[in-house]
There are 2 protein chains.
Amino acid sequence: MRKSYSRVAALWLAVALGCAAPTPPPAAESTADPLPSWNDGTAKQSILDFVARVTDAGGPEFVPPAERIATFDNDGTLWPSHPMYTQLAFALDRVQEMAPQHPEWKTTEPFKAVLEGDMKTVAASGEKGLLELVMASHAGMSTADFEAIVTDWFATARHPRFKKPYTELAYQPMLELLEYLRANGFKTYIVSGGGVEFMRPMTEAVYGIPPEQVVGSTIKTTYEMQNGEPVLMREAELDFIDDKTGKPIGINTFIGRRPIAAFGNSDGDREMLEWTAAGGGASLMGLVFHDDGEREYAYGPASELPDTHVGAFSQALMDAATTSGWVVISMKKDWKRIFAFDE
Amino acid sequence: MRKSYSRVAALWLAVALGCAAPTPPPAAESTADPLPSWNDGTAKQSILDFVARVTDAGGPEFVPPAERIATFDNDGTLWPSHPMYTQLAFALDRVQEMAPQHPEWKTTEPFKAVLEGDMKTVAASGEKGLLELVMASHAGMSTADFEAIVTDWFATARHPRFKKPYTELAYQPMLELLEYLRANGFKTYIVSGGGVEFMRPMTEAVYGIPPEQVVGSTIKTTYEMQNGEPVLMREAELDFIDDKTGKPIGINTFIGRRPIAAFGNSDGDREMLEWTAAGGGASLMGLVFHDDGEREYAYGPASELPDTHVGAFSQALMDAATTSGWVVISMKKDWKRIFAFDE
């Protein structure tokens, strides 16, 4: 379990700060193009070629529709993970909101630092501190209450840089990719290190992905009768961390089929891509590379930012992508626009 | 964890013996009837009425297709669980097959008893013994190897009474119900105490339910590189027991939506039915009642068999069904035929 804690902390420790202003270049859309927000290039062509091959009923690489499983990481792959993971922003907001009921937080770290907006001390509280924040904000209520809290939060919270609801920050090229794959008989899944019950309230509306196609990290729940009504209570105990090796494990447990396409953006996605690549038939592995500090963020190899954040795209991952023929999707070069509102 | 062990043991301890011969009554099928193997009566009418109400687009109880989730227990609900759970039969066969590589089993219980066909001693070995059998037969190999072993076993194993492959023993009326629900926009799921990777290799062919719609018990898996290829290894450690309170928990974790219809046959399904009933809108809860010792088995209330087996339909469950308006499906009265080969 201790090992899992360090992984969850890694997931959450992305408290780097954003910078620079967005420049929205207009998108010249062709009516026939299923991926109008993608520039012509290797990435786009690899996707089109792959879909053509696996859907060619007479071809050697045909895959029956039932086996066309595509998995997508969420944070950094389908929407931004900077300046911090959306779920961490939620946890911090929740701590602020719950503070009146917790006077002791004024003098107890890491809550004190959160209430004072002292992100350095929050980050310095390490795994233990972050886990305390997560549990204080995510556990101790029923699943129904948590869903309502998350839904309310998504309706009101705004991204600090883009000043938009997080639910409007899905990457437009990835929305087109999801839709293109579904139009070609694929079943699209999210496989994220994020909490499954934090994502499910918004995935259908934002990505067209229903709750039953969301795989993520979980905390323990218990079944209880309260005034004659059954409830599932969220307990302050981690159950499963859907990151790194947890991703193929989660895919196998929840889906029971191996994907033929998988997309990620960080070292936490490497095993999911390896697992997908090892399926034996045609497969497509893609990595969203954040190299556009102007329109979004730049991190990982070739970044102007020191790579101190977690959820990193390491040089080792870039090397693995090159060696293995995984498609590196440059946000700067491959995407005409990043957000739907970039027009 | 200890509590979970007692639940898995309960699941597996059904080593009662079957009796009596099957009598196949011919089915008089109407072309328009979606449930031709069901006799007219309360059970059939309740199903037809429920489906009519939730699919009536203008009606007060309409449920959008995306929310039409129906969950089914497997053993005893979709196919027989007597004289023992199919998965236990598999475990016992595996122990026989693996015995040459385990000379120590000749003198070690409960393996010795299995090899000697002494089922009383196997049962007397209790939770600990049964867990040893499960782990010896289900763990220590990759998920791919386990799938191949299970697939081979289903191709050759025969039910001791019906002398047919287990995969031909799906209850015909339940197959019609699954198909009828799917034809009306429902997504059908298995939610079983059985091992998820034991069921997935056969659910599509037998029930038309794809692997990603199978929720069940799991053991831990680990992700490893073997000769440069990633594998998921099955470890001898329980992860999740999908029985009793585990069923709503598993439903919430895997599916993330509450069912509007749920079917079971034992005390292990009670919480799933309670959870379904508490959804707030229209819902249908059904219990398959094994009261047909001639064509299948009779157990639970009003049984001629002493109710010593586990996986029981207790009098308390029957009382809950009556109080709550759950549909009790009498195999004897409600089903024209039980198996597809009953003609």
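The values are calculated or read from the model by the stated rules, or taken from the named source; none is laboratory data. No experiment lies behind these values; they were computed from the predicted model shown. Cβ placement follows ideal geometry from the backbone for every residue including glycine, while neighbour counts extend to all protein chains displayed. To get the accessible areas, we keep the full protein, side chains included, count just its heavy atoms, and leave off ligands, DNA and RNA. Shrake-Rupley method; radii C 1.70, N 1.55, O 1.52, S 1.80 Å.
Only one of (1) free of Cβ contacts under 8 Å to residues at least 12 places away in the same chain; (2) closer than 30 Å to A:Tyr180 by Cα is not met by A:Trp105, so which one is it? Result: A:Trp105 fails condition (2) only.
Filtered by the rule that a residue be within 14 Å of another protein chain (Cβ to nearest Cβ) and either under 22 Å from the mean Cα position of the chain (by Cα) or among the small types (Gly, Ala, Ser) (or both), the stretch B:128-147 gives B:Ser142, B:Thr143, B:Ala144, B:Phe146, B:Glu147.
Among the residues making up the stretch A:134-183, those that are more than 16 Å from A:Met202 (Cβ to Cβ) and basic (Lys, Arg) are A:Arg161, A:Lys163, A:Arg182. Taking every residue in the stretch A:117-129 that is under 16 Å from A:Thr107 (Cβ atoms) and pairing it with any residue that is open to solvent by 50 Å² or more (accessible area, probe 1.4 Å), at least 6 positions away or on another chain, the pairs with Cβ-Cβ distances below 6 Å are A:Ser125/A:Glu109. For the stretch A:43-70, a residue qualifies if it is away from every other protein chain (no Cβ under 14 Å), aliphatic (A, V, I, L, M), touching a residue at least 40 places away in the same chain (Cβ under 8 Å) and not in a loop (DSSP other than H, G, I, E, B), and the qualifying residues are A:Ala43, A:Ile47, A:Val51, A:Val54.
Taking every residue in the stretch B:171-190 that is closer than 13 Å to B:Arg68 by Cβ and pairing it with any residue that is open to solvent by 10 Å² or more (accessible area, probe 1.4 Å) and modelled with pLDDT of 95 or more, at least 6 positions away or on another chain, the pairs with Cβ-Cβ distances below 6 Å are B:Tyr180/B:Pro34; B:Asn184/B:Thr55; B:Gly185/B:Pro65; B:Gly185/B:Arg68; B:Phe186/B:Arg68; B:Thr188/B:Arg182; B:Tyr189/B:Gln213.
Of everything in the stretch B:60-94 that is under 30 Å from B:Ala312 (Cβ atoms) and charged (D, E, K, R), the residue that is surrounded by the most Cβ atoms within 10 Å (Cβ to Cβ) is B:Asp73. Of the residues making up the stretch B:65-99, those that are within 30 Å of B:Arg53 (Cα to Cα) and of a type outside the set (A, V, I, L, M) are B:Pro65, B:Glu67, B:Arg68, B:Thr71, B:Phe72, B:Asp73, B:Asn74, B:Asp75, B:Gly76, B:Thr77, B:Trp79. Annotation: A:Met98 fulfils all but one of (1) in a helix (DSSP H, G or I); (2) touching a residue at least 40 places away in the same chain (Cβ under 8 Å); the unmet one is (2).
Residue count for the stretch B:89-105 under the criterion of being touching a helix residue (DSSP H, G or I) at 6+ places or on another chain (Cβ under 6 Å) and either of a type in the set (Val, Ile, Thr) or over 20 Å from B:Ala148 (Cβ atoms) (or both): the result is 2. Could you grab me the full set of residues in the stretch A:243-265 that are farther than 19 Å from A:Gly286 by Cα and either modelled with pLDDT under 95 or aromatic (Phe, Trp, Tyr) (or both)? Within the stretch A:243-265, A:Phe254 is the sole residue that qualifies.
If I go through the stretch B:208-217 residue by residue, how many of them are at the interface with chain A (Cβ under 7 Å from one of its Cβ atoms) and not in a strand (DSSP E or B)? So that I can check it myself, show each step before the final result.
Initial filter on the stretch B:208-217 (at the interface with chain A (Cβ under 7 Å from one of its Cβ atoms)): B:210-212, B:214.
Cutting the leftovers down to not in a strand (DSSP E or B) gives us B:210-212.
Summing the residues that are at the interface with chain A (Cβ under 7 Å from one of its Cβ atoms) and not in a strand (DSSP E or B) in the stretch B:208-217 gives 3.
Taking the listed residues A:Ile338, A:Ile241, A:Ile329, A:Ile249, the one that is surrounded by 22 or more Cβ atoms within 10 Å (Cβ to Cβ), β-branched (Val, Ile, Thr) and without any contact (Cβ under 8 Å) to a residue 60 or more places away in the chain is A:Ile249, with no other qualifying. Scanning the stretch A:245-278 for residues that are basic (Lys, Arg) and either within 13 Å of the chain's Cα centre (by Cα) or closer than 14 Å to A:Val196 by Cβ (or both) yields a total of 1. Which ones in the stretch B:180-197 are open to solvent by 10 Å² or more (accessible area, probe 1.4 Å), within 12 Å of chain A (Cβ to nearest Cβ) and part of a helix (DSSP H, G or I)? Answer for the stretch B:180-197, where residues must be open to solvent by 10 Å² or more (accessible area, probe 1.4 Å), within 12 Å of chain A (Cβ to nearest Cβ) and part of a helix (DSSP H, G or I): just B:Glu197.
The single condition among (1) under 30 Å from B:Arg161 (Cβ atoms); (2) in contact with a Pro (Cβ under 9 Å, 6 or more places away or on another chain); (3) among the β-branched types (Val, Ile, Thr) that B:Ile69 does not satisfy is (1).
Checking each residue in the stretch A:68-95 for being over 30 Å from A:Gly185 (Cβ atoms) and of a type outside the set (S, T, N, Q) picks out A:His82, A:Pro83, A:Met84, A:Tyr85, A:Leu88, A:Ala89, A:Phe90, A:Ala91, A:Leu92, A:Asp93, A:Arg94, A:Val95.
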